[in-house]
Amino acid sequence: QYGRIVDIDLKIPPRPPGYAFVEFEDPRDADDAIYGRDGYDFDGYRLRVELAHGGRAQSYSYDRPSSFSNGRRGGVSRRSEFRVMVDGLPSSASWQDLKDHMRRAGDVCFSDVYREGGATVGVVDYTNYDDMKYAIRKLDDTEFRNAFSRAYIR
């Protein structure tokens, strides 16, 4: 549900609880999974979902290590030249909300939300030209919703 999974390493120790390492193709999808499933009720058990510390993630070499400064964990996400700017977002919009909304039109590889002159603006990168063009046609002047508000976006 949160993105393409590269690997799942299920650990079943002699005594509960069991746990797993789930590696996503895109680190931002791992952030989405953490956001969406931490505290989730799974068959009567509360899931604890967090970013793994150590392990293979430390061995990856990222193009732009400076991107860790944006406050998000999980490394660098892919950027592309197929970018859409989104205006009219409510002030409560997050990059996760925007990514979820824009996925209706195709394969999103990056999203971000920022404040500019009192307005909330978003940027969304698609993995290909066709998805970008389709997003402009399909999602222009649609209702954006999150848990806190609604707004029509351009």
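The values are calculated or read from the model by the stated rules, or taken from the named source; none is laboratory data. Since the model is a prediction, treat every value here as computed from it, not as a measurement. Quick reminder, even Gly has a Cβ in these numbers, built from the backbone with ideal geometry, and neighbours come from all protein chains shown. Heads up: the accessible areas ignore ligands, DNA and RNA and are worked out on the full protein's heavy atoms, side chains in. Shrake-Rupley method; radii C 1.70, N 1.55, O 1.52, S 1.80 Å.
A few remarks follow.
- Straight-line reach from Lys11: taking Cα to Cα under 19 Å and skipping same-chain neighbours fewer than 8 places apart, the aspartates and glutamates in range are Glu23, Asp38, Asp43, Glu50.
- Given charges at beta-carbon only (K, R positive; D, E negative), |dipole| of segment 83-153 in Debye: 120
- For peptides 87-98, 128-139, 3-14, sequence by mean Cβ density within 10 Å, most packed first: 87-98, 128-139, 3-14
- Given their separation in residues at 0.36 nm each and the Cα-Cα distance between them, Leu51 and Ile5 gain 15.1 nm when the chain is fully extended.
- Across all C-alpha atoms in segment 83-153, the radius of gyration and Dmax reach 11.0, 32 Å.
- Contour minus Cα-Cα distance for Asp87 and Tyr114 (0.36 nm per residue): 8.7 nm
- Carbon and sulfur %, accessible surface of segment 5-47 computed with the full protein complex present, 1.4 Å: 56
- Approximate spin-label separation Arg145-Phe42, in nm, with each point projected 7 Å along Cα-to-Cβ: 2.7
- Anisotropy class of segment 5-47 from Cα gyration tensor, a/c 1.5 cut: oblate
- Residue separation of Ile12 and Lys133 scaled by 0.36 nm, minus their Cα-Cα distance, works out to 39.0 nm of gained length.
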